[in-house]
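The values are calculated or read from the model by the stated rules, or taken from the named source; none is laboratory data. Just so it is clear, the structure is predicted and the values come from calculations on it, not from any experiment. FYI the Cβ positions are ideal-geometry reconstructions off the backbone, even for glycines, and counts take in every protein chain you see. Heads up: the accessible areas ignore ligands, DNA and RNA and are worked out on the full protein's heavy atoms, side chains in. Shrake-Rupley method; radii C 1.70, N 1.55, O 1.52, S 1.80 Å.
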Amino acid sequence: MEVGFLGLGIMGKAMSMNLLKNGFKVTVWNRTLSKCNELVAHGASIGKTPAEVINKCTITIAMLSDPAAALSAITSKGGRFLEAPVSGSKQPAETGQLVILAAGDKALYEAAIPAFDILGKKSFFLGQVGNGAKMKLVVNMIMGSMMNAFSEGLTLADRSGLNPHDLLDVLDLGAIANPMFKGKGPAMLQNNYSPAFPLKHQQKDMRLALALGDENSVPMPVAAASNEAFKKARSMGLGDMDFSAVFETLKVLKHSS
């Protein structure tokens, strides 16, 4: 099967590399074409435009940052469409452990399963177009809110005289143990925010989740407060860092008190 890939950022690069390693023919396109070179070295072909990729390939996957980027790449010529946002960031993308949240054309979903099985550990078919994006926004809204609570907890532990590393160990043994705390916590305590999921994208998802809340009259005070913290982090120049860099917003308060 020949698969097209539009968008070679953190996720797209890792996912297209995975397909190549597993014997798929892959044709790639990226707005900055130089980003394609590494994939070409591993056997990919380049399409000069999204249309060229789509015409050539059985299935084309777009992995773009936001609605504006997606709309700028896709033509309105017809064709079958499946939305398939993914849950998971850089490492799951590299290891084929994403969770794929698909919705739309069921026959296209079935046709894409060979590729999805390489890219992810589990695929969901969620019904009509829109449901995949909604599921992704709900998951990322919860994740963003959790990251803020985690950051406040680490800061409170430290300022009140506890060892935050002890907090990590206690959390990991309790009912709220989770891979995010375990994976991000030690790096956060070392001020390491190497981007797995950039903060600017996390804030964009909080904003879109809050808009979904507006549409459905759902009060979301925790998510709204978290969104403000991510906006503060962006104003501090942390947008391209990992979303865990929201931790830094609490350190500023220390110096002003």
Checklist line | Given (1) assigned by TED's automatic domain parsing to the domain that holds Ala211; (2) surrounded by 13 or more Cβ atoms within 10 Å (Cβ to Cβ), number of the condition Pro179 does not satisfy | finding: (2)
Next item on the list: Check Ser123, Ser151 and return the single one that is assigned to a strand (DSSP E or B) and of a type in the set (S, T, N, Q).
Entry: Ser123
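Among the residues of the range 3-25, write down those that are open to solvent by less than 40 Å² (accessible area, probe 1.4 Å) and more than 19 Å from the chain's Cα centre (by Cα). First the steps, then the outcome.
Taking the range 3-25 as the starting set, the residues that turn out to be open to solvent by less than 40 Å² (accessible area, probe 1.4 Å) are 3-9, 11-12, 14-20, 24.
Listed by number, the residues that qualify are Val3, Gly4, Leu20, Phe24.
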Next item on the list: Please go through the range 26-60 and pick out each residue that is open to solvent by 60 Å² or more (accessible area, probe 1.4 Å) and touching a Cys at 6+ places or on another chain (Cβ under 6 Å).
Entry: Ile46
Margin query: Consider the range 62-78. How many of its residues are surrounded by 12 or more Cβ atoms within 10 Å (Cβ to Cβ) and farther than 20 Å from Ala196 by Cβ?
Written below: 4
Note to self: Just to be sure before I move on: is Glu228 open to solvent by less than 80 Å² (accessible area, probe 1.4 Å), farther than 26 Å from Leu101 by Cβ, among the charged types (D, E, K, R) and without any contact (Cβ under 8 Å) to a residue 60 or more places away in the chain in the structure I sent?
What the structure shows: no
Note to self: For a quick check of your reading: which helices (runs of 4 or more DSSP H) sit entirely within the range 1-120 and have at least 1 residues that are within 29 Å of Gly183 (Cβ to Cβ)?
What the structure shows: 10-21, 37-41, 67-73, 90-95, 106-119
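Table: residues versus (1) open to solvent by 40 Å² or more (accessible area, probe 1.4 Å); (2) in contact (Cβ under 8 Å) with a residue 24 or more places away in the chain; (3) outside the structural domain of Gly79 (by TED's automatic domain parsing).
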{"site": "Ala107", "(1), (2), (3)": "yes, yes, no"}
{"site": "Ile118", "(1), (2), (3)": "yes, yes, no"}
{"site": "Lys121", "(1), (2), (3)": "yes, yes, no"}
{"site": "Ile142", "(1), (2), (3)": "yes, no, yes"}
{"site": "Asn148", "(1), (2), (3)": "no, yes, yes"}
{"site": "Thr155", "(1), (2), (3)": "no, yes, yes"}
{"site": "Ser160", "(1), (2), (3)": "yes, no, yes"}
{"site": "Leu167", "(1), (2), (3)": "yes, no, yes"}
{"site": "Gly174", "(1), (2), (3)": "no, no, yes"}
Next item on the list: Of all residues in the range 133-186, count the ones that are among the charged types (D, E, K, R) and within 16 Å of the chain's Cα centre (by Cα).
Entry: 3
Checklist line | Which numbered condition Ala196 fails, given (1) under 21 Å from Ser65 (Cα atoms); (2) at pLDDT 95 or above | finding: (2)
